[in-house]
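K.L.:
The structure under discussion is supplied below as structure tokens; questions concerning it will follow.
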Amino acid sequence: DGKLVIVVTPTYNRAAQGYYLNRLAHTLRLVEPPLLWIVVEMGEAVTPETALMLRKSGVMYRHLFCSKNNSTNFKDRGVHQRNTALEHIETHRLDGIIYFADDDNVYSLELFDRIRQIRKFGTWPVAMLAQGKNKAILEGPVCDGDRVIGWHTNEKSKRLRRFHIDMSGFAFNSTLLWDPKRRYHVSWNAIRQLDTVPEGFQETTFIEQLVEDESEMEAVPPGCNRILNWHLHLESKNLPYPKGWELSENLDVN
Ligand code: UDP
């Protein structure tokens, strides 16, 4: 049906930013409308470079910024920016399926068609790819038909995390943000990402605010037998360049 897909992308200035945002824009341009792309920058204002990229993208978008910076020893990784987007969605009662799509990952078109069909909360396995390692690691649900029955885990995380889902491995109905009847934890003031949790717990502590257990989750697609997106760890600071060739800012190069 014509359900709105709301894609939330935190982004910040670094050498590969233009590459990442253009690549994601081209994917979203090919998705069947209606789709709204909420791009949230870090800092005191939006940047003209990102504004131009969005104007030219042909995608329906909202361009926000978030000046809250909480990084002394905690790597922020978009937490406050995603919360800026959640606040915007809640304030304006934007009715759709919310998906957190980081700028550096790779997404299939099929993923967005599947997301549109989610009723409350949907999840799927994500392939994690790391630079220099010729293998992919799955993170996400093990499914039986449309039911979630278990998780792909590793030794390190197994006992500690409630849900083993990547930030790019779930999507949920925006009405969960404001409809108390649909919410599991009615006592929460607002459903937000927490800046107080250790690395690796960001997803589970957020998802625990949305659903009580696996029985409330939808397997995407039924059987969870496809890879619909890839989570990359290819930070450009590790690429070797000849001395003097390195650009740390996101400049236009002619
Ligand atoms: N991000 C950001 N500010 C930061 C760090 C990250 O806006 O200081 C964004 C980044 O652009 C990406 C998302 O947050 O969209 C996740 O960042 P990253 O890929 O570094 O995290 P990882 O995937 O390694 O957990």
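We did not get these values from a lab; they are worked out from the coordinates using the rules stated. In this text the structure is predicted, and so the values were computed from the model without any measurement. Here the Cβ positions follow ideal geometry from the backbone for every residue, glycine too, while neighbour counts run over all protein chains shown.
K.L.:
What ranking of Leu129, Leu24 emerges when the number of other C-beta atoms within 10 Å of each C-beta is taken as an exposure proxy, fewest first?
P.N.:
Ranking Leu129, Leu24 by Cβ neighbours within 10 Å, fewest first, gives Leu129, Leu24.
K.L.:
In what order do Ile149, Ile191 fall by count of nearby beta-carbon atoms within 10 Å, going from fewest to most?
P.N.:
Ile149, Ile191
K.L.:
Also: Given axes a ≥ b ≥ c from the Cα gyration tensor, I'd like to know whether region 1-138 is rounded (a/c under 1.5), prolate (a/b larger than b/c) or oblate.
P.N.:
It comes out rounded by the Cα gyration axes.
K.L.:
Please compute the net charge surrounding Leu36, taking Lys and Arg as +1 and Asp and Glu as -1 over other residues with Cβ under 12 Å from its Cβ.
P.N.:
+1
K.L.:
Further question on the same structure: How high is the FRET efficiency from Glu32 to Lys133, r the C-beta distance, R0 41 Å, rounded to 0.05?
P.N.:
Efficiency computed from Cβ-Cβ geometry: 0.75.
K.L.:
Could you run the Karplus curve 6.51 cos²θ - 1.76 cosθ + 1.60 with θ = phi - 60° over region 115-124 and give me ³J(HN,Hα) per residue in whole Hz, x for Gly and Pro?
P.N.:
4, 4, 8, 5, 8, 10, 9, x, 9, 7
K.L.:
Could you state the number of Å between the C-alpha centres of region 106-173 and region 21-45?
P.N.:
21
K.L.:
How do Glu41, Glu214 line up, fewest other C-beta atoms within 10 Å first?
P.N.:
Glu214, Glu41
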